[in-house]
Structures are given as C-alpha cells and as structure tokens.
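I have placed the structure first, in the form of structure tokens, so that the comments after it can refer back to it.
The values are calculated or read from the model by the stated rules, or taken from the named source; none is laboratory data. None of the values given here were measured: they were computed from a predicted structure. Here the Cβ positions follow ideal geometry from the backbone for every residue, glycine too, while neighbour counts run over all protein chains shown. All accessible areas refer to the heavy atoms of the entire protein, side chains included, with ligands and DNA or RNA removed. Shrake-Rupley method; radii C 1.70, N 1.55, O 1.52, S 1.80 Å.
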Amino acid sequence: MDLRTVCVHAGAEIDTPTGDVTPPLNLSSTFARGTDGELIGPHLYGRYGNPTRARLERALAALEGGGSAFAFPSGLAASMAILQFACAPHDLVLFPNDLYFGVRKQITDAMARWGLRAQALDMTNLGAVERALNEGPRLVWLETPSNPMLHVTDVASVAARARMVGALTVVDNTWPTPALTRPLELGADVVLHSTTKYLGGHSDVVGGAVVLPAGSPLQEPMIGAQRVGGSIAGPMDAWLVLRGLRTLALRVRAACDGALAVARWLEGHPAVTHVHYPGLLDDPGHEVAARQMGGGFGGMLSARFVDEETARRTIANLHLWVRATSLGGVESLVEHRALVEGPDTQTPRDLLRFSVGIESPEDLIDDLEQALG
Ligand SMILES: *Cc1c(COP(=O)(O)O)cnc(C)c1O
C-alpha cells in the first residue's frame with residue numbers, strides 16, 4: 001500500500017472489546033495472570049512490553065518495511081542502544097564527518113571510554129569509504145542529509161560495500177523519514193529515528209526508535225536494550241508518536257515544498273553566501289538525493305551569511321520563525337547551531353539552520369525578508 005495509507009492505518013488495528021477506532025492509551029505497568037498462573041493477555045510487565053508501545057512498534061516496522069521495531073525514550077537512547085548492545089569493546093565504528101553532534105559525542109566520548117574505536121570520514125567519497133572498510137569495522141553509521149551541513153550520502157552504494165566486509169550499515173533516517181527514504185530497501189541493516197522530530201511532528205514528545213529487517217542479528221540485542229538495559233518509550237509518549245504518524249506523509253510533503261521555496265529565496269539574497277539544500281540543482285548532493293529521496297528533498301536546510309553578525313541579527317529579527325533547537329514540527333524553527341552545540345562545535349559561526357514547518361511558504365519568506373531588510 002501507499003505510504004500515505006500505511007501512515008493512517010499502521011498500529012490502528014480495531015482489536016479491543018470496545019472497538020476503539022483510535023488506539024487506547026494503556027498505562028498499566030503490569031498484567032494479570034489467571035488461576036493457572038498463565039498470563040491472561042500477551043503482556044507481562046511494562047518494561048517488557050505494553051499494548052500502546054507495541055502498536056507504535058508495529059507501525060514503525062510497517063512504515064520502514066522492517067520486520068521489527070523498538071521504541072526508545074529518545075533518539076539518543078536509541079543510538080546508545082545500538083552502540084552498547086550491538087558492539088563489543090574494541091569494535092570499530094565508521095561515522096561521517098558531519099553528524100548530529102549528540103551521536104558524535106556518544107561514539108567518540110561516552111563509548112570511547114568503554115573501549116569502542118571510531119573513525120570519522122567523508123561518507124560522500126566512496127573511495128574513502130572503501131579504504132576505511134579495509135579496517136574491518138563492525139558498524140558504518142550514516143546520516144543523510146546530515147546535520148547541519150546537509151551532506152547527502154548514497155546509502156545503497158555504502159551499504160553494498162559494507163556488506164562485502166561483514167559490516168552493518170546504520171542509517172539515521174530522522175531527517176528524510178520513511179516518507180522520503182526507506183533505508184532497509186536500499187540495503188541498510190538498521191534504521192534509527194529520533195521520533196521527537198517528524199514522526200511525532202508536533203514538538204510535544206521526545207522519543208526514539210530502531211527498526212530492523214526480518215531475521216536481523218540485532219533483534220536479540222535490541223530486545224536486550226529494552227528488557228535488560230531498561231530503555232523504553234513510555235505509553236503516553238508512544239501514543240503521541242502514534243498520533244503524529246497519521247499525518248506524516250502530508251506534513252513532510254508540505255515541509256518539502258516550503259523548504260524548496262525558502263532555499264531558492266535565500267539563495268538569491270545578497271547577504272547569503274551559501275545555501276545547503278539538496279533540492280537546489282547546484283547542490284553537490286542533488287543527484288543522489290533526487291534518486292534516493294522519492295518525491296522531495298526534506299524540510300531542513302542551512303544557510304551561511306556574509307558574517308556571524310549578519311546571521312545573529314537575522315535570527316534576532318524574525319517574528320514568525322521560532323528561535324528554538326529541534327526540528328520536524330508543524331511550526332518553522334530556526335537556530336544558530338554553533339551557539340547551541342557549544343565550544344567544541346565544528347559548525348560555522350555564520351550559519352543558521354532552518355526547519356521548515358507547514359505554514360505558507362510566502363509568510364515564511366516575508367518574515368525572512370523583513371528580518372534581512
Ligand atoms: C534530534 C536528533 C537526534 C537525537 O534525538 P533525541 O530525540 O533528541 O535524543 C539524533 N539524530 C538526528 C538526526 C536528530 O535530528
């Protein structure tokens with residue numbers, strides 16, 4: 001079925017005695033046994049599983065074309081589950097130069113103290129990828145388009161090469177979402193989400209997820225991350241993400257249209273020196289993105305200004321765009337990324353990152369015009 005249909009119906013099976021059309025929010029932390037000692041229903045205890053979380057996990061697996069999914073309390077809890085439960089000390093992880101800074105900190109700081117080895121490289125350079133693969137990594141970590149520089153990686157090409165040396169490819173699919181890219185169909189072994197972003201879609205929940213293909217060797221490790229590691233999405237959070245999924249396809253489409261319009265407008269402004277958006281024809285990632293991101297280039301973009309002062313003045317003058325971290329909500333957000341990432345940031349100080357919401361693109365552009373004026 002078309003993804004728009006899956007978004008509406010996944011995890012919404014009408015299977016309760018009361019015939020609920022909207023999935024009930026099931027808050028029970030434990031589940032009763034009969035006189036024979038057997039469980040009455042399919043669930044035992046909230047950490048092991050919960051009906052609302054199970055619906056979300058079924059829905060996420062369906063959206064990504066996976067065999068199983070695991071809902072975590074945040075995107076970083078999901079990435080930590082992969083690093084801790086799918087890797088052994090001394091394993092090598094290859095990661096991209098440009099990467100969500102929290103994941104980079106986990107790989108190079110938290111997990112380095114635990115003995116994990118890590119190597120950063122330019123994942124858009126297949127020659128560099130092939131050389132690094134000779135080192136025998138356990139995982140190849142991809143994020144495309146990347147945060148905040150919008151580098152586009154060819155998932156199918158990297159995953160095919162990783163497979164030849166027995167490495168697993170992890171794709172952080174938070175930015176494109178399954179509405180634009182389905183990494184498992186491109187040969188990836190693991191999909192990661194911060195459901196805080198587009199999947200939740202309303203800036204009212206923090207969550208994460210891992211999706212695996214059927215028969216994945218990581219299925220047991222991910223069950224362990226939840227049951228032994230104790231890292232689970234709570235029922236209310238799972239319910240909110242499930243509610244957000246219903247409109248995912250529509251919201252992503254609107255965000256793509258808005259982002260393209262904003263990117264084109266910014267590109268023509270004299271105070272802007274560079275716009276990073278794969279939807280622009282001269283963007284280095286355009287060709288791969290046009291192939292890999294079906295029907296749109298996403299709602300995220302970043303722009304560099306003539307200097308830091310101009311970038312800071314522009315963000316200060318905006319009225320409609322909300323100055324806040326995060327992305328993927330219905331409202332457009334803007335952020336001076338270097339300020340948020342702190343002193344060890346690699347992000348240029350003249351750069352603003354934009355998350356385009358579902359407002360009218362004309363209104364968003366009018367606000368930018370007055371702010372730059
Ligand atoms: C936000 C984000 C994360 C981290 O997710 P949290 O839900 O904030 O823990 C990871 N990867 C990407 C690409 C993100 O945008």
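Probe of 1.4 angstrom, ligands and nucleic acids ignored: what's the accessible area per residue over the range 270-338, in square angstrom?
Details: 2870 Å² over 69 residues.
Here the per-residue accessible area is 42 Å².
Specify whether the C-alpha gyration tensor of the range 61-162 places it in the rounded, prolate or oblate class, a ≥ b ≥ c being the square roots of the eigenvalues: rounded for a/c under 1.5, otherwise prolate if a/b is larger than b/c and oblate if not.
rounded
Under 8 Å for C-alpha pairs, at least 6 residues apart: give me the relative contact order for the range 1-72, rounded to a whole percent.
Answer for the range 1-72 is 30 percent.
Take the alpha carbon gyration tensor of the range 11-91, find the square roots of its eigenvalues, order them as a ≥ b ≥ c, and report rounded if a/c is under 1.5; if not, report prolate when a/b exceeds b/c, else oblate.
It comes out oblate by the Cα gyration axes.
Please identify, among Thr52, Thr35, Thr153, the residue showing maximal mean-square fluctuation in a Gaussian network model of the chain using a 10 angstrom Cα cutoff.
Result: Thr35 has the largest fluctuation of those listed.
For the range 39-44, just list the computed ³J(HN,Hα) in residue order, Karplus coefficients 6.51, -1.76 and 1.60, θ = phi - 60°, integers in Hz, with x standing in for Gly and Pro.
After applying 6.51 cos²θ - 1.76 cosθ + 1.60, I find 5, 6, x, x, 10, 10 Hz.
Classify the range 84-221 as rounded, prolate or oblate, taking a ≥ b ≥ c as the square roots of the eigenvalues of its Cα gyration tensor: rounded when a/c is under 1.5, otherwise prolate if a/b is larger than b/c and oblate if not.
rounded
Between Ala112, Ala249, Ala71, where does the largest GNM mean-square fluctuation fall for the chain, given springs only between Cα atoms within less than 10 Å?
Result for the chain, Cα springs under 10 Å: Ala112 fluctuates most.
I want the antiparallel fraction of DSSP beta bridges within the chain, as a percent rounded to 5.
Antiparallel: roughly 60 percent of the beta bridges in the chain.
I'd like the Karplus ³J(HN,Hα) series for the range 135-152: coefficients 6.51, -1.76, 1.60, θ = phi - 60°, whole numbers in Hz, and an x wherever there's a Gly or Pro.
Each residue's phi maps through the Karplus curve to give 7, x, x, 7, 10, 10, 9, 10, 9, 8, x, 8, 10, x, 8, 6, 5, 10 Hz.
Give me the dipole magnitude in Debye, nearest 20, for the range 204-285 about the Cα centre, with unit charges on the beta carbon: positive for Lys and Arg, negative for Asp and Glu.
Rounded to the nearest 20 debye, it is 320 debye.
Which whole-number percent is the relative contact order of the chain (Cα, under 8 Å, 6+ apart)?
Numbers: 785 pairs, mean separation 61.9, N = 373.
After rounding, I find 17 percent.
Using only alpha-carbon positions, what ratio does the radius of gyration of the range 232-319 give when scaled by 2.2 N^0.38 Å?
1.38
Relative contact order of the range 203-362, please, whole-number percent, based on alpha carbon pairs below 8 angstrom and at least 6 residues apart. If you can, show how the numbers build up before the last one.
On the way: 223 pairs, mean separation 34.5, N = 160.
Dividing the mean separation by the residue count of the range 203-362 yields 22 percent.
Can you tell me which of 334-345, 287-298 comes out highest on packing, and rank the rest after it, using the mean Cβ neighbours within 10 Å?
Top to bottom by mean Cβ count within 10 Å: 287-298, 334-345.
Can you list residues whose amide H is under 5 Å from Ala118's amide H, if they're 5+ apart or on another chain and H is modeled 1.01 Å from N?
Val93
For the range 1-42, what value does the Rg/Rh ratio take when both radii are computed over Cα atoms and Rh is the Kirkwood radius, given to two decimals? Walk me through the numbers before you get to the answer.
Working: Rg = 14.8 Å, Rh = 13.0 Å.
Taking Rh as the inverse mean 1/r over Cα pairs, Rg/Rh reads 1.14.
Could you pull out every residue, at least 5 positions away or on a different chain, whose amide H is within less than 5 Å of the one on Leu168? Hs are placed 1.01 Å off N in the peptide plane, and Pro or chain starts have none.
Leu139, Val140
How much length is gained on full extension from Asp366 to Leu250, taking 0.36 nm per residue of separation minus their Cα-Cα distance? Spell out each step's value before the answer.
Values: separation 116, 0.36 × 116 = 41.76 nm, distance 2.34 nm.
Working it through step by step, the gained length comes to 39.4 nm.
Could you give the DSSP H helices of the chain that reach 18 angstrom or more along their long axis (alpha carbon positions) and whose average Kyte-Doolittle hydropathy is no lower than -0.5?
The qualifying helices are 51-64, 248-267.
Helix-only estimate, please: 222 nm mean residue ellipticity of the chain, summing -39500 (n - 2.57) across DSSP H runs of length 4 or more and dividing by its residues, to the nearest 500.
-10500 deg cm²/dmol
Rounded to whole Å and sorted largest first, list the principal axis extents of the Cα atoms in the chain.
Sorted largest first, the three principal extents are 76, 51, 38 Å.
Got a number for the accessible area of Tyr45? Probe 1.4 Å, square angstrom, nearest 10.
Rounded to the nearest 10, the figure is 90 Å².
Any idea of His151's accessible area? Nearest 10 Å², probe 1.4 Å.
Approximately 80 Å² of His151 is accessible to the 1.4 Å probe.
Nearest 5 is fine: what % of DSSP beta bridges in the range 168-303 come out antiparallel, could you say?
On the way: 6 of 9 bridges.
Percent antiparallel among DSSP bridges in the range 168-303 is about 65.
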